[in-house]
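Okay, so here's the structure we're looking at.
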Amino acid sequence: MTPLKVFVVEDEAVIALMIEDAVEDSGHLVAHTATNIRDAMAFAASGEFDVALLDMNLNGQKAHAVPTTLKARGKPFAFITGYGEAGILEPFADAPLVAKPFRTADIVAALVALGS
Amino acid sequence: MSIVNPIPVGDGQPQDGGGKPGASDLSFAQFKALANAMPNLAWMADADGWLVWYNQRWYDFTGTTPEEMAGWGWQSVHHPDVLPEMLRRWTAALATGEPFEMTFPLRRGSDGSFRTFVTRAEPLKEGGKIVGWLGTNTDITELERTRERLQLVVNELNHRVKNTLATVQSIAQHTFSRANPEAYEAFEARLLSLASIHDALTREGWIKASLSEIVGRATSCFGGDRFLIEGPVLDIEARMASSLTMTLHELCTNAVKYGSLSVPQGSVSITWTVEPTGPRRELRLLWSETGGPAPTPPVHNGFGLKLIKRAPASDSGASVDHRFEAHGVECEIRLPLGEGLAS
């Protein structure tokens, strides 16, 4: 498939590294990694990317506004979460869910789902 | 109208418990003192549901008068959204004579806010005929709030545990995945199997997990159609659930590497029963491989085999019998069951 430009939202640097590796190892590109809500909101609103991978909890703050903005721009996204099924927000229940901890293959599968 | 005729309780006639001194001649004043001393709201109705008496706490909480509350006047302190369903169920109880129980909000008079009550009503019978109803409303608002807060904390804890596991995973990946990819893969698989049981435990408030879910999760990434899984519905305590998950994971890993799952025609059956052992009960879980190469015991007991034998045993008096049979590996786990959890 054509390489996707992936927007990553994850506040734990070490986990972000692993997500970025998974993205790049599967032949895609990291457009930007946001580690706080302000940065995440700014890039979600005007950044250049194809799909997004979102951690829903940034320094204890729920990043609810980010998926809303992404949806408004028509950008597909998946959640990467430690909350399991309980972490999905009702309006975004259709978004793919990658549970932490994850295999590289889980990220790749989510990207395939988002890119198709 | 006003309530003029509260149901007299203890009119000098022998009643239930009448053999005890004093029980048969409880005066209405004493009854009222009792009913007003309890923390619940309480009331009495006649056989067709006409409210004839409330305790003082009802009036204190709702800020109403006996005149306003008589008969069916209590509807004015209910939430309009819930009232129709409440009426439907209350009239059904009146019609059938079945005890009534429902949780609904009632309006507090002092500030107009609604608090959550669990309400129970029992029919009062004389000679098999219903002559009235006795009801209580218990404020569970704080209980509900505490439960919600607790759920929030459990969710948060799970999130942090998962994030920590993901961090450890990332560190391990960057430290040794290139130098020793095979070892990293084994590590990652173990870590993920441990993490997967957390979801099941979180859902049950870290108290228990169902055995079929434990087995299902442990085997799912090894090809579910290679396993025959059979046993009664059973809940396993949280601690045991984690160690059982690790044991099953190692059994699966060994089966894929050396045992029945190393060849296409091999399979594994995982079956369990619950047997009485004296006053208690015991879980007997049998892992049995067939269709693979004849197993040979390893020269060294690796970490996996140690984990299989020791993880459940160290936790809760379980015993593990791991054998190399002609048809393949067999592993029998016996686990004493706690009194409260087995279902």
### Query
Under the condition of being touching a strand residue (DSSP E or B) at 6+ places or on another chain (Cβ under 9 Å) and among the charged types (D, E, K, R), which residue from region A:37-53 is farthest from A:Lys71 (Cα to Cα)?
A:Asp39
## Note on the structure
Residue hits (region B:214-241; small (Gly, Ala, Ser) and at pLDDT 95 or above) are B:Gly231
### Query
Do we have B:Thr167 as of a type in the set (Val, Ile, Thr), touching a residue at least 40 places away in the same chain (Cβ under 8 Å), within 9 Å of chain A (Cβ to nearest Cβ) and surrounded by 14 or more Cβ atoms within 10 Å (Cβ to Cβ) here?
no
### Query
Looking at (1) farther than 17 Å from B:Ala209 by Cα; (2) at pLDDT 80 or above; (3) surrounded by 16 or more Cβ atoms within 10 Å (Cβ to Cβ), which is the only condition B:Leu337 fails?
(1)
### Query
Can you tell me which residues in region A:10-49 are in a loop (DSSP other than H, G, I, E, B) and among the hydrophobic types (A, V, I, L, M, F, W, C)?
A:Phe49
### Message
All but one of (1) closer than 15 Å to B:Glu204 by Cα; (2) in contact (Cβ under 8 Å) with a residue 24 or more places away in the chain; (3) not charged (D, E, K, R) hold for B:Val153; state the number of the condition that does not hold.
### Response
(2)
### Query
Restricting attention to region A:88-101, which residues are part of a loop (DSSP other than H, G, I, E, B) and either touching a residue at least 24 places away in the same chain (Cβ under 8 Å) or surrounded by fewer than 16 Cβ atoms within 10 Å (Cβ to Cβ) (or both)?
A:Leu89, A:Ala93, A:Asp94, A:Ala95, A:Lys100
### Query
If you take the residues of region A:25-53 that are under 14 Å from the mean Cα position of the chain (by Cα) and within 14 Å of chain B (Cβ to nearest Cβ), which of them is surrounded by the most Cβ atoms within 10 Å (Cβ to Cβ)?
A:Leu53
### Query
In region B:306-314, is there at least one residue being under 24 Å from B:Ala189 (Cα atoms), over 24 Å from the mean Cα position of the chain (by Cα), part of a strand (DSSP E or B) and among the charged types (D, E, K, R)?
no
### Message
Please pick out the residue among B:Thr247, B:Thr219, B:Thr253, B:Thr202 that is among the β-branched types (Val, Ile, Thr) and touching a Pro at 6+ places or on another chain (Cβ under 8 Å).
### Response
B:Thr247
### Query
Quick check: is even one residue across region A:50-65 out of contact with any Asp or Glu (no Cβ under 7 Å at 6 or more places or on another chain), in a loop (DSSP other than H, G, I, E, B), at pLDDT 90 or above and within 21 Å of A:Ala113 (Cβ to Cβ)?
yes
### Summary
B:Glu67: passes all of (1) closer than 26 Å to B:Lys129 by Cα; (2) assigned to a helix (DSSP H, G or I) but (1)
### Query
How many residues, within region B:217-242, are surrounded by fewer than 16 Cβ atoms within 10 Å (Cβ to Cβ) and either on the phi > 0 side of the Ramachandran plot or not hydrophobic (A, V, I, L, M, F, W, C) (or both)?
7
### Residue list for region B:57-88, filter: in contact (Cβ under 8 Å) with a residue 12 or more places away in the chain, loosely packed, with under 14 Cβ neighbours inside 10 Å and over 36 Å from the mean Cα position of the chain (by Cα)
B:Glu67, B:Trp72
### Message
Out of everything in region B:305-319 that is within 21 Å of B:Ser210 (Cβ to Cβ) and of a type in the set (A, V, I, L, M), what residue ends up being modelled with the lowest pLDDT?
### Response
B:Ala311
### Message
When the residues of region B:142-160 are narrowed to those that are within 18 Å of A:Ile15 (Cβ to Cβ) and surrounded by 17 or more Cβ atoms within 10 Å (Cβ to Cβ), which ends up nearest to the other protein chains (Cβ to nearest Cβ)?
### Response
B:His159
### Query
Condition test on B:Gly302, is it surrounded by fewer than 22 Cβ atoms within 10 Å (Cβ to Cβ), farther than 23 Å from B:Ile236 by Cβ and either in contact with a helix residue (DSSP H, G or I) (Cβ under 6 Å, 6 or more places away or on another chain) or modelled with pLDDT of 95 or more (or both)?
no
### Query
Out of all the residues in region B:170-180, which are more than 9 Å from chain A (Cβ to nearest Cβ), surrounded by fewer than 15 Cβ atoms within 10 Å (Cβ to Cβ) and assigned to a helix (DSSP H, G or I)?
B:Thr175, B:Phe176
### Message
Among the residues that make up region B:255-278, is at least one of them surrounded by 18 or more Cβ atoms within 10 Å (Cβ to Cβ) and of a type in the set (Asp, Glu)?
### Response
no
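The values are calculated or read from the model by the stated rules, or taken from the named source; none is laboratory data. Predicted, not measured: the structure shown is a model, and the values here were computed from it. Neighbour counts are summed over all protein chains in view; Cβ atoms, including those assigned to glycine, are modelled from backbone coordinates with ideal geometry.
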